[in-house]
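The values are calculated or read from the model by the stated rules, or taken from the named source; none is laboratory data. Quantities reported herein were computed from a predicted structural model and do not represent experimental measurements. We place every Cβ from the backbone using ideal geometry, glycine too, and count neighbours over all the protein chains shown.
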Amino acid sequence: MNVKTKLSDCLRPLVLGALFLGTAANAAVQSIDKVVAIVDNDVVMQSQLDQRVHEVQQTIAKRGSAVPPANVLDQQVLERLIVENLQLQIGERSGIRITDEELNQAVGTIAQRNNMSIDQFRAALAHDGLSYDDARDQIRREMVISRVRQRRVAERIQVSEQEVKNFLASDLGKMQLSEEFRLANILIPTPESANSEAIQAAAKQADAVYQQLKQGADFAQLAIAKSASETALEGGDMGFRKAAQLPPPFDRMLSTMAVGDITQPMRTPGGFIILKILEKRGGETQMRDEVHVRHILVKPSPIRDEEKTKALAQSLYTRIEAGEDFGELAKNFSEDPGSALNGGDMNWIDPNAVVPEFREVMAKTPQGQLSKPFKTQYGWHVLEVLGRRATDSTTQAREQQAMTVLRNRKYDEELQTWLRQIRDEAYVEIKLPGADQAAQ
């Protein structure tokens, strides 16, 4: 298992390695690191760029794509590092800190996703040429960027119930429920307030890329070399999206396209975009298991300790087994205000909506039978399973999907606008040899 690949599935690669190139103490010629970009109050070093370029080259090679020319790749990677650096500086100014506990939990989650213990994870990282400390630093930086985006972008996005209803009632809303598309994109950007000459130049460049693709050029390679999208270094791969998450006219075009098809360049606020369908999935009816259950809950209190509470639950269980009415006992004894007045009836519930102990006992109790007393964080319970069914939860699922789609659509648009804004407003001086220098 290649952990570097697995790790990149969970995180976008960030800076790995020290800022300065190490050398042997007795080396005749010392390798000196240098600044390749000044970014507001920070810098990007040559060592950072080299390390990231190496990471990207490995990723491209594993996909079987041809690596673009070094100068093209250097400029693309440097631009990514600049935007990441700006977000990290915002995080620093905003006081965003990742505690060791949070970082340890995140590392543990990644190790678990790789089906490894922490020690195995360390060993696998070393095998792939990554130190554990570097990996932790990479994860910490990505967590900071995620929180910056959450504060600056995600928290500003609101989706109303009426928007959800309108979306579900629309042809577009109905269409998005049927299929999901894994997409790749190439973005040829246009500057804000671009004049007609700049727009025409971008359109001409986008058309040239499109013609290359029609003639069989590798989409991922062109994305790495030409695209200004945030996913450029991943070959443009955007992951799975609903058609409705995309701006018009892409939302309607995709349903008529096959896997492997490529759209013509289309104008968007950020520039000209070309999409490719990599994969399709979805459209199935969604079923959910539900259980009809009733229960009696008794809780410990200052006048009834744990043992007496357990004894009361056992007494109620015995009385029900002897023939007394469950509903009447629930009304008289249950301390669950949500169900006591209904004779303990919780109606049909999703097993995932209750605590694990309750769910486990409910799953093991046959229909029509009573469970023995058991304990949860809320107290002592006795439950009876009245029925089981599989229900079509498509309506609820559609509403949740619509909410997610609308939020993601707004987030994607807002994120790209915000990233372009912080890049445009920053002082950036590029010192990479062979690159055009820019300062603002």
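Things worth noting here:
- Unique match (being of a type in the set (D, E), within 27 Å of P191 (Cβ to Cβ) and surrounded by fewer than 19 Cβ atoms within 10 Å (Cβ to Cβ)) among E230, E279: E230
- Pair list, Cβ < 6 Å and 6+ apart or interchain, from the stretch 281-293 residues that are under 12 Å from R389 (Cβ atoms) and at pLDDT below 80 to residues that are of a type in the set (S, T, Y) and in a strand (DSSP E or B): R288/T391
- Residues (at pLDDT below 90 and under 28 Å from I82 (Cβ atoms)) located in the stretch 231-249: R241, Q245, L246, P247
- Number of residues in the stretch 88-135 that are in contact with a helix residue (DSSP H, G or I) (Cβ under 6 Å, 6 or more places away or on another chain), small (G, A, S) and farther than 20 Å from R52 by Cβ: the value is 3.
- Only listed residue being of a type in the set (V, I, T), outside any helix (DSSP H, G or I) and either surrounded by 15 or more Cβ atoms within 10 Å (Cβ to Cβ) or in contact (Cβ under 8 Å) with a residue 60 or more places away in the chain (or both), chosen from V385, V405, V361: V385
- The residues in the stretch 191-219 that are part of a loop (DSSP other than H, G, I, E, B) and either in contact with a Phe, Trp or Tyr (Cβ under 7 Å, 6 or more places away or on another chain) or over 22 Å from V67 (Cα atoms) (or both) can be counted, and the count is 5.
- Residue satisfying condition, being of a type outside the set (G, A, S) and surrounded by fewer than 18 Cβ atoms within 10 Å (Cβ to Cβ), within set F240, F272: F240
- Selection from the stretch 122-133 of residues that are touching a residue at least 24 places away in the same chain (Cβ under 8 Å) and surrounded by 17 or more Cβ atoms within 10 Å (Cβ to Cβ): A124, L125, L130
- When I188 is tested against (1) touching a helix residue (DSSP H, G or I) at 6+ places or on another chain (Cβ under 7 Å); (2) surrounded by 18 or more Cβ atoms within 10 Å (Cβ to Cβ); (3) part of a helix (DSSP H, G or I), only condition (3) is not met.
- Here the condition is being assigned by TED's automatic domain parsing to the domain that holds Q51, closer than 22 Å to L419 by Cα and not β-branched (V, I, T); of S131, S146, it holds for S146 alone.
- Looking across the stretch 340-358 at every residue that is crowded, with 16+ Cβ neighbours inside 10 Å and assigned to a helix (DSSP H, G or I), the one that is nearest to the chain's Cα centre (by Cα) is identified as P351.
- Which numbered condition R252 misses (of (1) in a loop (DSSP other than H, G, I, E, B); (2) within 26 Å of A402 (Cβ to Cβ)): (1)
- Tabulated pairs, the stretch 327-339, first closer than 21 Å to K308 by Cβ and assigned by TED's automatic domain parsing to the domain that holds V385, second of a type in the set (K, R) and part of a helix (DSSP H, G or I), C-beta under 7 angstrom, 6+ apart or interchain: L329/R319
- Selection of helices (runs of 4 or more DSSP H) fully inside the stretch 31-127 by the criterion of at least 1 residues being farther than 29 Å from R420 by Cα returns 46-63, 100-113, 118-127.
- In summary, Q367 fulfils each of the numbered conditions (1) part of a loop (DSSP other than H, G, I, E, B); (2) touching a residue at least 24 places away in the same chain (Cβ under 8 Å); (3) in contact with a Lys or Arg (Cβ under 8 Å, 6 or more places away or on another chain) with the single exception of condition (2).
- In the stretch 251-280, the residues that are modelled with pLDDT under 90, among the polar types (S, T, N, Q) and closer than 30 Å to S193 by Cα: T268
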